[in-house]
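The values are calculated or read from the model by the stated rules, or taken from the named source; none is laboratory data. What you are looking at is a predicted structure, and each value in this text was computed from that prediction instead of being measured. Here the Cβ positions follow ideal geometry from the backbone for every residue, glycine too, while neighbour counts run over all protein chains shown.
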Amino acid sequence: MMAAAVNHYFGSSIGRKQLVATTGLLLCGFLVSHLAGNFFLLVGPNAFNLYAHKLEALGGLLFVVEGILAVIFTIHLGLAIKLNIENVKARGGAKRYALKKNTGRGTTFMSQTMPWTGLILLAFVILHIKSLKLGTYYTTVVDGVTMRDLYKTTMEYFVSTPATIWYVVAMVAAALHTSHGFASAFQSMGWNHGKYFKNVKRIGYLYAVLVSGGFAFLAVWCHLKGV
Ligand code: HEM
């Protein structure tokens, strides 16, 4: 009975939308913590490497957190693609008007480009993990402890001008994606009542500018420092 209800909920369009919303908001949370950690780059090599080393020292716990992150990312991506295909199919028929009317989300540039900015972010994350997390493994000694020199790997990567430009372009996509996604997630959860929703939209824009701007700033900073 319970399993049937759960199946019915996640099989429904609103259930899927709410899962995309929840996983999207969780990914927004990850980005804030990731950006905060990356600011250790500004402090210096030892501070950044110690921070990364402390994360690494979590061992099994880090592995579990990374697994959860991968599951969240996969659910978000998979269901967003599924919903988008359903929308495109629905738009092909007479449902076009009804769909727009029902969702009430309007069609701004940001909402229309969600699938494209999402795909840019997917490509970004794959290349990002390949070039940094799985990038050259240098070692260094800090306070007598041998650890990975992730600072060197990162700085070396951003010496490249095309790589830095790619980061800035991807962060423009991230800003467009999160600014629409943030408010849209609240709408999917049904938390879009009255004047509060205006503030939710403002917070979404602020989040997009600060977080994407923060990452783009760090990429340019690393480039200028490394060149
Ligand atoms: C200037 C911008 C950025 C820098 C310098 C940066 C740096 C890094 C570094 C050094 C790692 C490897 C961490 C480790 O191996 O312990 C990493 C991992 C990662 N980054 Fe970034 N990052 C940036 C932006 C982003 C953005 C915008 C996203 C997402 C849209 C992102 C998503 C990830 C993910 C998913 C991982 C793998 C996490 C894990 O498996 O532990 N990063 N990043």
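Among the residues of region 86-94, is any out of contact with any strand residue (DSSP E or B) (no Cβ under 6 Å at 6 or more places or on another chain), basic (K, R), free of Cβ contacts under 8 Å to residues at least 60 places away in the same chain and within 13 Å of the ligand (Cβ to nearest atom)? Checked region 86-94: no residue is out of contact with any strand residue (DSSP E or B) (no Cβ under 6 Å at 6 or more places or on another chain), basic (K, R), free of Cβ contacts under 8 Å to residues at least 60 places away in the same chain and within 13 Å of the ligand (Cβ to nearest atom). As a summary of the residue check, Y51 satisfies the conditions (1) within 10 Å of the ligand (Cβ to nearest atom); (2) among the hydroxyl-bearing types (S, T, Y); (3) within 20 Å of T178 (Cβ to Cβ) except for the one numbered (3). Of the residues making up region 126-165, those that are of a type in the set (V, I, T) and surrounded by 14 or more Cβ atoms within 10 Å (Cβ to Cβ) are T140, V142, T153, T154, T164.
For L41, the test of being at pLDDT 95 or above and near the ligand (Cβ under 9 Å from one of its atoms) is passed. Residues of region 23-40 that are β-branched (V, I, T) and crowded, with 17+ Cβ neighbours inside 10 Å: T23 alone.
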